[in-house]
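Following: one structure in structure tokens, then a few remarks.
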Amino acid sequence: MTDKISIEDFDLYYGENQALKKIRLNIIPNQVTAFIGPSGCGKSTLLRSMNRMNDMIPGVHTSGRIAIDGKNIYDRETDLVQLRKNVGMVFQQPNPFPISIYDNVAYGPRIHGIKTKKKLDEIVERTLKQANLWDEVKDRLHLSAMGLSGGQQQRLVIARVLAVEPDVILMDEPASALDPISTERLEELVIQLKKDYTIVIVTHNMQQAARVSDKTVFFLNGEIIEVNDTEQLFTHPEDQRTEQYISGQFG
């Protein structure tokens with residue numbers, strides 16, 4: 001199977017501080033890959049490197065390579081607008097725009113040139129259904145998204161990401177601000193979406209990683225310590241540091 005994302009000897013520095021050290025990782029298409037590890041270990045930094053969100057931080061510089069479908073996204077000719085269309089991002093806090101539910105989902109397609117109402121209507125309905133939100137909002141599409149619950153807002157943000165037809169979805173602790181019922185719905189959605197997308201999720205919640213991911217990557221101090229099938233990593237970790245982390249001895 002061809003890797004969707006291939007990372008080779010990737011280093012990232014914030015000024016003089018090295019945040020990622022010689023990262024090597026292959027991510028398989030149509031799987032959920034979870035990044036776990038204590039705060040400040042580099043997992044969110046690597047996630048944001050996959051659509052070059054870190055470029056916005058002053059003093060960041062990198063070496064090595066991150067390739068998606070064989071193309072190095074750090075090449076000079078990379079179109080960042082196209083990259084971020086292809087590699088969608090869902091953050092910790094739901095961040096809907098303060099406009100209608102409909103306009104939230106239609107926002108990206110409109111930017112990318114889709115103007116006809118019929119086509120936009122189709123995209124809005126399709127992606128809200130994909131995000132398991134259509135039945136809850138179909139009668140109030142033209143009301144403000146800010147009236148939705150936190151869990152609904154996060155699913156709306158996922159629909160907004162899906163509306164521009166990405167290949168990869170990055171999720172940075174997407175359930176950390178949600179209640180248990182909303183978290184369960186979000187996890188079910190992640191498992192459904194991997195049929196069509198490659199998903200990388202950062203989580204502090206190891207039970208969540210165990211429930212939703214196929215592969216788990218354990219980070220410590222800017223390095224990858226262990227990568228394995230999720231069940232194998234949690235039941236028979238190969239590195240003592242992994243075992244100490246998942247058993248709660250630090251982190």
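None of the figures in this text is laboratory data; all of them are computed from the coordinates on show. Quick caveat, the model's predicted, so the values are computed rather than measured. For neighbour counting, all protein chains shown are included, and Cβ atoms are generated from backbone atoms with ideal geometry for every residue, glycine included.
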* To do: Give, in nm to one decimal, the length gained when the segment between residue 221 and residue 21 is fully stretched (0.36 nm per residue of separation minus the Cα-Cα distance).
  => 71.1 nm
* Structure fact -> The simple spin-label model distance between residue 117 and residue 56, using points 7 Å out along Cα→Cβ, in nm, is 3.4 nm
* **Label-point gap, in nm, between residue 93 and residue 80 - each point 7 angstrom along Cα→Cβ** => 2.3 nm
* Asked: What aspartates and glutamates sit close enough to residue 138 to cross-link, taking a C-alpha to C-alpha distance under 18 Å and skipping anything fewer than 8 places away on the same chain?
  -> 103, 121, 122, 125
* Asked: Roughly what angle does helix 101-111 make with the longest principal axis of the chain, taking Cα atoms, 0 to 90 degrees, to the nearest 10?
  -> 70 degrees
* To do: Starting from the range 164-251, pick out the chymotrypsin sites (Phe, Trp or Tyr not before Pro) whose DSSP state is loop and whose Cβ has at most 13 other Cβ atoms within 10 Å.
  => 250
* Asked: Using alpha carbons only, how many degrees (0 to 90, rounded to 10) separate the axis of helix 117-130 from the longest principal axis of the chain?
  -> 50 degrees
* To do: List the residues of the range 83-105 whose backbone N lies under 17 Å from a point placed 7 Å from the Cα of residue 146 along the Cα-to-Cβ direction.
  => 94-105
* Structure fact -> Listed with the fewest Cβ neighbours within 10 Å leading, 171, 50 appear as 50, 171
* For the range 115-231, radius of gyration divided by Kirkwood radius, i.e. Rg to Rh on alpha-carbons -> 1.02
* Asked: How many Å³ per residue does the convex hull of the Cα positions in the range 5-246 occupy?
  -> 124 Å³
* In terms of Cα to Cα distance under 19 Å, which aspartates and glutamates are near enough to residue 22, apart from those fewer than 8 places away along the same chain? -> 3, 8, 9, 11, 55, 75, 223, 226, 239
* Going 7 Å from the Cα of residue 28 in the Cα-to-Cβ direction, what parts of the range 173-213 have a backbone nitrogen less than 12 Å from that spot? -> none
* Structure fact -> Of the residues 228, 150, 17, the Cα lying farthest along the dipole of the chain towards its positive end, which is defined by charges on the beta carbon of Lys, Arg, Asp and Glu, belongs to 150
* Asked: Nearest 0.05, what FRET efficiency do residue 139 and residue 207 give at R0 = 35 Å with Cβ-Cβ as r?
  -> 0.50
* If you place +1 on the Cβ of every Lys and Arg, -1 on the Cβ of every Asp and Glu, and leave all else neutral, what size is the dipole of the chain about its Cα centre, to the nearest 20 Debye? -> 880 debye
* Rg(Cα)/(2.2 N^0.38 Å) for the range 1-99, N = residue count -> 1.11
* Would you mind ranking 21, 194 so that the residue whose beta carbon has the fewest other beta carbons within 10 Å leads the list? => 21, 194
* Which of the residue pairs 71/119; 43/194; 21/71; 119/194; 195/215 have a Cα-Cα distance greater than 27 Å in the structure shown? -> 71/119
* Asked: In what sequence do 49, 44 fall when counting other Cβ within 10 Å, fewest first?
  -> 44, 49
